[in-house]
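A short worksheet on the structure shown next.
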Amino acid sequence: MPEADVVLEVRDLAKHYPVRRGVVLKRQIGEVKAVDGVSLTLRKGRTLGLVGESGSGKSTLAKVLVGVEKPTRGQILVDGRDVTDVGRAERRALRRTIQMVFQDPYTSLNPRMSIGEIVGEAFAIHPDMAPAGDRGKAVRELLDRVGLNPDHVHRYPHQFSGGQRQRIGIARALAVRPRILLCDEPVSALDVSIQGQVINLLEELQDDLGLSYLFIAHDLSVVRHIADEVAVMYLGRVVESGTDDEVYERPHHPYTRALMSAAPVPDPTRRDDCLEIMLEGDVPSPLDPPTGCHFHTRCWLAPLIEGSVDAERPDGRPVPAVCRNDRPKLAPQESPDHHAACHFAADVARR
Ligand code: SF4
């Protein structure tokens, strides 16, 4: 796909938090590498799904992308312009193109504001989006656009259901005419029947408005449904990325393969294939991550590698020294857009 189709590019982005001890001197004793060298590309009208367990760094990445947190290093290019390296006014204009849809529609809306005030609030910050006399009309159009009754503009969030509140959140995000929506677990707080309606709305809006989505979720079946490309994160790093078919059908990283095994299988004829791998233990602390490949303490493949007796891991099972000592790079696999960070990626695909 040509470069011109790229709306958002993230290059080697990192967000590290210092950890301090002491009441007075507050000496730094370490740092949490919540996001550690992530590179991603999002194209016009496409959806990039970002998956991983809790603690993988997905939500921190989202906060950095919308400007809530400052990156420790790296670049965020919107239409080729690095928003981390421009003046305040330009950064504000560029940032407007990325809006966020939050996970929890119950807490992301101010209960003391009417939905008209919530959706129209953005016009006060970006007055060029709607002249003062037209704002009421613009708000009503936005409510209509997301499937809400515009006559309910004076109602308050508690008068709406969970799905309707998420529609209000989407209308608020659309008010400044963004080109990218960063959706952070947008349906995980909703009933399954309502999830489908919100996903359908997001897909309709994408078709009509040419929006691009960065869709963060731990539910792999939702991501499979909506995403064109998928990136899998583990302990602050992307460990696999590719088209949804490549990542779901031919995973090349043991972590991705294990995540797929843990996910519900829509096709029961594939159940036997998919139940074979268990993801053991919790995600290690990002304050003291495992050396080499961060996944080596939980990896199901490492102990199966011939000659993997060089070093032992905490559960007493063997692990190849290369896994324990050397960080694997994201490397192209069967197609140039499919990448995995595993020294034995070819073995994953064969097993
Ligand atoms: Fe497992 Fe080694 Fe691959 Fe890491 S590099 S995922 S430990 S096989």
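The values are calculated or read from the model by the stated rules, or taken from the named source; none is laboratory data. The structure presented is a predicted model; accordingly, all values stated were derived computationally and were not measured. Note: ideal-geometry Cβ built from the backbone for every residue, glycine included; neighbour counts use all protein chains shown. Note: areas computed on protein heavy atoms with side chains; ligands, DNA, RNA excluded. Shrake-Rupley method; radii C 1.70, N 1.55, O 1.52, S 1.80 Å.
Among the residues of the range 154-197, write down those that are of a type in the set (Val, Ile, Thr) and at pLDDT below 95.
Correct list: VAL176, VAL187, VAL192, ILE194.
So is PRO328 part of a loop (DSSP other than H, G, I, E, B) and at pLDDT 95 or above or not?
yes
Mind listing whichever residues of the range 190-220 are open to solvent by less than 10 Å² (accessible area, probe 1.4 Å) and outside any helix (DSSP H, G or I)?
Those that are open to solvent by less than 10 Å² (accessible area, probe 1.4 Å) and outside any helix (DSSP H, G or I): LEU211, SER212, TYR213, LEU214, PHE215, ILE216, ALA217.
Of all the residues that make up the range 233-257, how many are open to solvent by 20 Å² or more (accessible area, probe 1.4 Å) and either part of a loop (DSSP other than H, G, I, E, B) or among the hydroxyl-bearing types (Ser, Thr, Tyr) (or both)?
Summing the residues that are open to solvent by 20 Å² or more (accessible area, probe 1.4 Å) and either part of a loop (DSSP other than H, G, I, E, B) or among the hydroxyl-bearing types (Ser, Thr, Tyr) (or both) in the range 233-257 gives 4.
Could you please find all residues in the range 140-156 being open to solvent by 10 Å² or more (accessible area, probe 1.4 Å) and part of a helix (DSSP H, G or I)?
Those that are open to solvent by 10 Å² or more (accessible area, probe 1.4 Å) and part of a helix (DSSP H, G or I): ARG140, GLU141, LEU142, ASP144, ARG145, PRO150, ASP151, HIS152.
Return the residue satisfying two criteria in turn: it lies in the range 289-312 and is under 22 Å from VAL32 (Cα atoms) and either modelled with pLDDT under 90 or touching a Gly at 6+ places or on another chain (Cβ under 9 Å) (or both), and of such residues it is farthest from the ligand (Cβ to nearest atom).
Among those that are under 22 Å from VAL32 (Cα atoms) and either modelled with pLDDT under 90 or touching a Gly at 6+ places or on another chain (Cβ under 9 Å) (or both), it is PRO289.
Name, by its number, the condition in (1) open to solvent by 50 Å² or more (accessible area, probe 1.4 Å); (2) more than 10 Å from the ligand (Cβ to nearest atom); (3) assigned to a loop (DSSP other than H, G, I, E, B) that does not hold for ALA346.
(3)
Quick check on GLY120: is it in a helix (DSSP H, G or I) and either touching a residue at least 24 places away in the same chain (Cβ under 8 Å) or touching a helix residue (DSSP H, G or I) at 6+ places or on another chain (Cβ under 6 Å) (or both)?
Yes; evaluated as a whole, the condition is true for this residue.
Considering only the range 168-187, I want to know if a residue exists there that is in a helix (DSSP H, G or I) and farther than 30 Å from VAL6 by Cβ.
Yes, the range 168-187 has at least one match.
Report every pair of residues separated by at least 6 positions or lying on different chains whose Cβ atoms are under 7 Å apart, first residue within the range 26-54 and farther than 20 Å from PRO178 by Cα, second in a loop (DSSP other than H, G, I, E, B) and among the β-branched types (Val, Ile, Thr).
GLU53/VAL283
Which condition number in (1) under 13 Å from the mean Cα position of the chain (by Cα); (2) touching a residue at least 60 places away in the same chain (Cβ under 8 Å) is the one that ASP219 fails?
Answer for ASP219: the failing condition is (2).
Just wondering, is there one or more residues in the range 114-121 that are open to solvent by less than 80 Å² (accessible area, probe 1.4 Å), among the acidic types (Asp, Glu) and more than 24 Å from THR60 (Cα to Cα)?
no
Residue check, ARG95 against (1) open to solvent by 70 Å² or more (accessible area, probe 1.4 Å); (2) at pLDDT below 90, all met but one. Which one?
Every condition holds for ARG95 apart from (1).
Among the numbered criteria (1) touching a residue at least 40 places away in the same chain (Cβ under 8 Å); (2) touching a strand residue (DSSP E or B) at 6+ places or on another chain (Cβ under 8 Å); (3) more than 23 Å from VAL64 (Cα to Cα), which one does PRO254 miss?
Every condition holds for PRO254 apart from (2).
Which pairs have Cβ atoms under 8 Å, sit 6 or more apart or on different chains, and link a residue in the range 322-351 that is β-branched (Val, Ile, Thr) to one that is open to solvent by 40 Å² or more (accessible area, probe 1.4 Å) and assigned to a loop (DSSP other than H, G, I, E, B)?
Here the result reads VAL322/HIS343, each pair linking the range 322-351 to a residue that is open to solvent by 40 Å² or more (accessible area, probe 1.4 Å) and assigned to a loop (DSSP other than H, G, I, E, B).
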